[in-house]
Ligand SMILES: Cc1cc2nc3c(=O)[nH]c(=O)nc-3n(C[C@H](O)[C@H](O)[C@H](O)COP(=O)(O)O)c2cc1C
């Protein structure tokens, strides 16, 4: 039985990939994910300069999922190379995805150019964070033309495969994905968190997050993420990293059937700790055995019959 995935010419030993922002800050934490069975890892989104993010509290779980307003904190792309090198020295066989963002086109392009010089296998363009509107304005992924222009600009500065990370907060995600594809993207990552949303502490009588609002992930967005990936699969030819609400083995299989080739694993780590990767891969393997599939690629897009 084959669980290997060839994604943009890169071999992933299984379809699970650490989603950006979860644990992926240092080389050591990325290596730890691989040691727990994930097929590949995505680093936290990096910007050109160091960012401190929003004040605490920034992440909360609730019955239906997770809300976060981390605010894209990070050391800045210029300072991150050594962590990627550390990871690659330890794990040359597990692909590494470097995530970049930018408040404007020039900063994004410079950031991608620096990321290109690091030993990453694929560059993910985070066009879709919902909790930095005040600072950065509308994410590129909420506008077809901005998605096209930003992807085109990055395409000129790197030959590495690019995946554009889209937002569920749009009325036609297929159209946005098409713009990314037309501008030269090799893949789509879908989706980022939904929202922004809010939780209120009724005793304190105020929003719980210091930022008041944050992006929502986890079970709350499973049906939304599935529908987004389904729509994108219909709209484009390039492969998809299906992310959002992939918590259980069943969710993961559904995400493959919606059209994802790889599975971004985020909130599942909050529910299952580091066992999430193996639990999901084991469930996919068992399902394939029960249902007579030989290659995981046979599941991709099956819900479109
Ligand atoms: C605490 C936290 C930090 C995140 N940071 C990033 C980030 O830096 N870049 C990014 O593209 N997405 C980020 N995300 C979004 C996740 O990568 C993922 O797209 C989203 O949470 C949906 O997946 P899930 O339902 O499995 O959590 C973050 C999510 C959380 C909860």
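Using only the C-alpha atoms of region 136-231, find the volume of their convex hull and express it per residue in Å³.
Here the figure is 117 Å³ per residue.
With a Förster radius of 22 Å, plug the Cβ-Cβ distance of residue 52 and residue 204 into 1/(1 + (r/R0)^6) and report the FRET value to the nearest 0.05.
Taking R0 as 22 Å, the efficiency between residue 52 and residue 204 is 0.35.
With N set to the residue count of region 1-71, report its C-alpha Rg divided by 2.2 N^0.38 Å to two decimal places. Present the calculation step by step, with values, prior to reporting the outcome.
Numbers: Rg = 15.1 Å, N = 71, 2.2 N^0.38 = 11.1 Å.
Computed over Cα atoms of region 1-71, the ratio equals 1.36.
May I ask you to compute the full-extension gain from residue 275 to residue 78, defined as 0.36 nm times their residue separation minus their alpha-carbon distance, rounded to one decimal in nm?
Result: 67.7 nm gained on full extension.
Of all beta bridges DSSP finds with both residues in region 5-304, what is the antiparallel percent, to the nearest 5? Kindly include the intermediate steps, with their values, before the conclusion.
Working: 15 of 41 bridges.
Counting only bridges with both partners in region 5-304, antiparallel ones make up about 35 percent.
In angstroms, what radius of gyration and Dmax does region 216-305 have, counting Cα atoms only?
According to the Cα coordinates of region 216-305, Rg and Dmax are 12.4, 36 Å.
How long is the gain from residue 294 to residue 35 if the chain were fully straight, where each residue apart is worth 0.36 nm and the alpha carbon distance is subtracted?
Full-extension gain reported as 90.7 nm.
So if we plug the beta-carbon distance of residue 152 and residue 117 into 1/(1 + (r/R0)^6) with R0 = 22 Å, what FRET efficiency do we get, rounded to 0.05?
According to the calculation, E is roughly 0.60.
Taking the Cα-to-Cβ direction at residue 63 and at residue 93 and moving 7 Å from each Cα, how far apart do the two end points lie in nm?
4.5
Suppose we take every Cα in region 41-186 and form the convex hull; what volume per residue is that in Å³? Provide the component values of the computation, followed by the final result.
Working: hull volume 18.6 nm³, N = 146.
Looking at region 41-186, the number lands at 127 Å³ per residue.
Just for the Cα atoms in the chain, what are the lengths along the principal axes, largest first, rounded to whole Å?
51, 49, 39
Each reported figure results from applying straightforward, stated rules to the coordinates on display, with no laboratory input. Values in this document were obtained by computation on a predicted structure and should not be read as measured data. So basically every Cβ, Gly included, is an ideal-geometry build from the backbone, and we count neighbours across all protein chains shown.
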